[in-house]
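Only one structure is covered here, and it is reproduced in the block below.
The values are calculated or read from the model by the stated rules, or taken from the named source; none is laboratory data. Keep in mind that this is a model prediction, so the values were computed, not measured. Glycine gets a Cβ as well: all are built from the backbone with ideal geometry, and neighbour counts include every protein chain shown. These accessible areas exclude ligands, DNA and RNA; they are computed on the full protein's heavy atoms, side chains included. Shrake-Rupley method; radii C 1.70, N 1.55, O 1.52, S 1.80 Å.
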Amino acid sequence: MTGALYRLPLRPELAGQEPYGAPQLDVPVRLNTNENPYPPPAGVVAAIAAAVAAAAAGLNRYPDRECAQLRSALADYLHAESGARLGPEQVWPANGSNEVMQQLLQAFGGPGRTALSFAPTYSMYPEYARNTFTEWVTGRRAADFSLDLDQALPLIERVQPSVLLLASPNNPTGTALPPEQLRAVLDAAPGLVVVDEAYAEFRRAGVPSAVQLLADHPQLVVTRTMSKAFALAGGRLGYLAASAEVVDGLRIVRLPYHLSAVSQATALAALAHSGELQAALEALRTERDATVRWLREQGLQAPDSEANFVLFGTFADRHAVWQGLVERGVLVRETGPDGWLRVSIGTAGEMAAFRAALTDLLGSDLIAHDQIERKNFRELQDVPGHHRPGSNEEGR
Ligand code: PMP
């Protein structure tokens with residue numbers, strides 16, 4: 001068959017779906033994908049370049065399939081960062097934590113099984129489920145975006161998920177999952193409990209990481225990434241910490257040589273300079289807390305955040321606010337429940353530009369102050385239940 005008669009055998013559930021991703025617009029201030037705004041310092045750039053040059057000399061060969069050196073270095077990093085000592089057999093890297101989580105669903109989800117999460121949360125989760133033919137169910141978070149155990153535990157009981165995905169801090173709300181809540185979920189969940197700690201390094205001092213619970217909970221999986229605090233989003237390196245048995249499951253489904261020699265060399269060099277790459281964390285936390293305060297002073301709502309972004313609103317027409325900010329050179333993310341926007345924390349200069357643009361907008365005819373809605377958080381949420389991928393209310 002040729003031309004108009006030929007019909008691509010695209011899976012019907014993929015027809016009409018858009019590829020995932022934030023608009024990549026060329027504006028001066030980009031605060032829409034939760035990156036670290038500070039590029040690697042020159043010394044670290046040189047170290048990464050040297051490591052990649054050394055790897056280049058051996059590129060005729062496939063890389064180490066088991067990523068042994070990198071897994072040891074990641075285990076050492078987690079020890080320093082969270083206090084928990086893991087063996088390299090408990091760590092597994094891939095091309096971003098997105099790939100790690102998709103591998104988790106390939107190995108532990110699948111037809112006849114269910115994955116569960118609580119919205120609003122990261123909107124890639126339903127896509128991993130779709131890609132692995134796993135049934136997808138979402139419950140609701142509480143009015144303040146925390147996990148509501150009175151709703152969550154019965155839903156876990158009813159759904160019996162093979163994989164439960166919980167982001168902490170949660171995207172797009174910035175909400176952390178307290179350890180006592182995680183313990184309650186671990187007691188109730190029949191399958192894997194995945195705590196997505198993509199933003200863990202931004203948490204406040206004294207807030208523990210779920211990594212510390214791994215020793216006592218074989219069904220716990222903690223995913224991490226070098227895309228955020230590490231200033232290595234372009235390197236595509238995510239990883240998880242779990243029992244060696246979980247890692248063995250992923251080793252079955254991973255493609256051979258999934259992590260290139262260039263990626264492994266880049267990540268190893270970055271890990272050797274983690275202090276320099278994360279030098280701005282404290283400044284970013286301070287800027288984040290100042291941003292929350294400033295937004296509230298403007299009469300807006302902004303939940304406390306443990307991450308490097310802040311959700312703010314609510315607006316009767318959030319798209320108009322998003323567009324108005326773009327026209328003023330500032331790109332934020334149109335995500336979260338209806339009425340809300342999310343801003344990533346940038347440099348001090350970028351945040352000043354964000355404040356100036358929003359101030360201008362709030363004073364303009366376009367977004368008169370009386371258009372700011374003062375809805376209670378609860379009104380913005382609906383009932384728990386089955387949830388189709390592609391909903392607009394999740395964190396992207
Ligand atoms: N988890 C969360 C909660 C995220 O927000 C992101 C990135 N936006 C990821 C995972 C994936 O990050 P990466 O694949 O770059 O590691």
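With just the Cα atoms of the range 8-101, tell me how far they stretch along each of the three principal axes, in Å, largest first.
44, 39, 37
Among 17-23, 120-126, what's the highest-first ranking by average C-beta atoms within 10 angstrom per residue?
Top to bottom by mean Cβ count within 10 Å: 120-126, 17-23.
Expressed as a rounded percentage, what relative contact order does the range 42-276 have, with Cα pairs under 8 Å and six or more residues apart?
27 percent
Would you calculate the separation in nanometres between label points at GLN17 and ALA80, each defined as 7 Å from the Cα along the Cα-to-beta-carbon direction?
3.9 nm
Using modelled backbone amide H atoms (1.01 Å from N, in-plane), which distant-in-sequence or interchain residues come within less than 5 Å of TRP340's amide H?
So TRP340 has HN proximity to PHE315.
Would you please give the FRET efficiency between GLU157 and ARG183, computed as 1/(1 + (r/R0)^6) with r the Cβ-Cβ distance and R0 = 22 Å, to the nearest 0.05? Write down the numbers at each step before the final one.
Numbers: r = 16 Å, r/R0 = 0.74.
Computed FRET efficiency for GLU157 and ARG183: 0.85.
By average Cβ neighbour count within 10 Å, what is the ranking of 322-329, 53-60 from highest down?
322-329, 53-60
At a 1.4 Å probe, what is the % contribution of carbon and sulfur to the accessible area of the chain?
Values: 8960 of 16980 Å².
Of the solvent-accessible surface of the chain, carbon and sulfur hold 53 percent.
When the label point is put 7 Å from the Cα of ALA233 along its Cα-to-beta-carbon vector, which residues of the range 116-138 have a backbone N closer than 17 Å?
From the range 116-138, the list is 122-124.
Whole Å is fine, so just give me how far the alpha carbon centre of the range 170-199 lies from that of the range 287-324.
24 Å
log10 I(q)/I(0), Debye, Cα-only the range 42-276, no solvent, q = 0.07, 0.09, 0.11, 0.16 Å⁻¹?
-0.22, -0.36, -0.54, -1.11
Roughly what would the spin-label model give for ALA56 and GLN24, points 7 Å off Cα along C-beta, in nm?
Distance between label points: 2.2 nm.
Which percent of Cα pairs goes in each bin when the distances of the range 120-250 are cut into 10 angstrom slices starting at zero?
11, 44, 38, 7, 0
Arranged from highest to lowest average of other beta-carbon atoms within 10 Å per residue, in what order do the peptides 98-104, 245-251 appear?
Descending packing order for the listed peptides: 98-104, 245-251.
Between the range 1-62 and the range 204-242, what's the alpha-carbon centroid distance in Å?
Each part's Cα centre sits 22 Å from the other's.
How big is the range 41-173 in terms of Cα radius of gyration and Dmax, in angstroms?
Cα radius of gyration and Dmax of the range 41-173 are 19.0, 57 Å respectively.
So what's the range 134-176 giving for Rg/Rh, alpha carbon basis, Kirkwood Rh from the mean inverse pair distance? List each step's numbers first, then the result.
Details: Rg = 10.8 Å, Rh = 11.2 Å.
We get a ratio of 0.96 for the range 134-176.
Counting pairwise Cα distances across the chain, what percent come out greater than 29 angstrom?
Distances greater than 29 Å cover 45 percent of the Cα pairs.
So what is the accessible area of the chain per residue, in Å², with the probe set to 1.4 Å?
On a per-residue basis, the chain sits at 43 Å².
Read phi for every residue in the range 13-23 and hand back ³J(HN,Hα) as whole Hz from Karplus 6.51 cos²θ - 1.76 cosθ + 1.60, θ = phi - 60°, with x for Gly and Pro.
Karplus-based 3J(HN,Hα) across the range 13-23 equals 6, 8, 4, x, 7, 8, x, 5, x, 6, x Hz.
Among DSSP bridges having both ends in the chain, what percentage is antiparallel? Round to the nearest 5. All intermediate terms of the calculation are to be shown ahead of the outcome.
Numbers: 18 of 38 bridges.
Approximately 45 percent, going by the DSSP bridge assignments.
What net charge is computed for the residues neighbouring LEU164, neighbours being all others with C-beta under 15 Å from the C-beta of LEU164, Lys and Arg scored +1, Asp and Glu -1? Could the numbers behind the result be given before it?
Details: positive: ARG113, ARG140, ARG141, ARG158, ARG183; negative: GLU135, ASP148, GLU157, ASP187, ASP196, GLU197.
That works out to -1.
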